[in-house]
1. Neighbour counts of other C-beta atoms within 10 Å: give me CYS68, CYS293 arranged from fewest to most.
2. Using a Förster radius of 35 Å, what is the FRET efficiency between ASP386 and ARG67 based on their Cβ-Cβ separation? Nearest 0.05, please.
3. Using amide H atoms built in the peptide plane, which far-off residues or other-chain residues are under 5 Å from PHE382 H to H?
4. Limiting things to C-alpha atoms, what are the Rg and the maximum Cα-Cα separation (Dmax) for the stretch 280-399, in angstroms?
5. Mind pulling the per residue volume of the convex hull built on the Cα atoms of the stretch 193-317? Å³ is fine.
6. For ILE162, what charge total do you get from the other residues with a beta carbon under 11 Å from its beta carbon, if Lys and Arg give +1 and Asp and Glu give -1?
7. Taking R0 as 35 Å, what FRET efficiency do you get between GLU128 and MET1 from their Cβ-Cβ distance, rounded to the nearest 0.05?
8. List the residues whose amide H sits under 5 Å from the amide H of MET317, counting only those 5 or more places along or on another chain, with H placed 1.01 Å from N in the peptide plane.
Amino acid sequence: MYLTDEEKAMLAGEYGAGTALAMKIQVAVGECFDAPRMVEISKAHVALSNQEADLWFVEKLLKAGARCRIAPTVNPGFHLEFCREHLSISTEDGELMERTRKAYQEIGAILTFSCTPYLEANVPRFGEIISYSETSATAYVNSVIGARTNRESVQSSLCAAITGRVPEYGYLLEENRTGNILVQVEADIKNDFDYQLLGYCAKKIGYGVPVFVGLPAHPSQEALMNLGAQLNTIGAYAIYHVVGVTPEAQTIEDAFGGKDPARTVVITNEDLAEVHQNISHPEGKIAFAMFGCPHFTINQVREIAQMVHGKKLAAEMWILTSSLTKELADRMGLTETIENSGGHILDNTCIDQPCWHHLEGKVGVTDSPKCAYYTKRRGLEFIIRDLRSCVDAALKGEVS
Ligand code: F3S
């Protein structure tokens, strides 16, 4: 693998042992994928998960003197101060979160604690070479923006932030970004929620780069977030195309790079109904509603506020979002409306964290299959419905 003089110096330890370790890992990854060289990145996002292994890795790099050349944004853990005061977290979990915050601050991250960096704070441009981990983020930046990243891990994106480089392979290269599966959507796609179910049809779509046709001409930002988040949760899809919508698929020829698709898959209403049936707990009483996996946009927060305005919730409601969106919600009076109904907007927090002990063994409602998937191991069960039905259920205390 060709390395520039500066990259060789990094590997040789001239920039410190931490940078050398990060470069050593990246060279090993590059060699695995036959990357011919390293390329510079201009943005990074690290899906910090506030778990022992991630923390061990960042602290190891830190002790070896590593600092980020490219300040990465980071994923949420949980809002330490809020959770200590209002939820039950163990001393160990609280300390883990404290150490995580400290380690990422010291290594030079931008502490956004949000899983939607592509909406605010770290938005790449078309064609930009970047290094992003986080399932919804990699799919969104590649597909909807046209920036270029591989489906990085927490560790590889942190190494990239330290060295400012990534090995050149995979989705950084034009030839791997073009589609090879034609997905003909015959199902009626009526709202943003249907994109969640469509993304969850990954098993039928199969491995590759899907190119969707038959979708509405003007999907919302949230619809495209949903599609990528679910595709990349239940499968491993760092990129997808929607013909006429996403930037590398203005025509079907562009989307396939002039080649024929390797196969064609048809998605029908029955497919969506089957997926929905398989992933959702049966309808009935609910104890809580959980939103914001990925973190909710201001439009989604506003939709909920309009629905609960002047009413009282019959079930707990949690809306997770970035602190920048929460600030907007505060300023727009949406937080007050939601809190008056008995709900909460919580920033810096992920659904897959140890701060949700009080919901263990209970059934909730969510609009996100990803939320239901990740929290199963924590003992949470979810009925999955579209956003408006979820809010309706939270007002009534049941899904009927
Ligand atoms: Fe975000 Fe956590 Fe879901 S990082 S996408 S809330 S699993």
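Every number in this text was worked out from the coordinates using simple rules, so none of it is lab data. Only a predicted model underlies this, so the values are computations on that prediction, with no experimental measurement involved. For neighbour counting, all protein chains shown are included, and Cβ atoms are generated from backbone atoms with ideal geometry for every residue, glycine included.
1. Starting with the residue having the fewest Cβ neighbours, the order is CYS68, CYS293.
2. Step by step, r from the Cβ atoms, then E = 0.20.
3. HIS281, GLY364
4. 13.0, 38
5. Given the Cα convex hull of the stretch 193-317, per-residue volume reads 127 Å³.
6. Every neighbour counted, the sum reads +3.
7. Plugging the Cβ-Cβ distance into 1/(1 + (r/R0)^6) gives 0.95.
8. ALA289, HIS344
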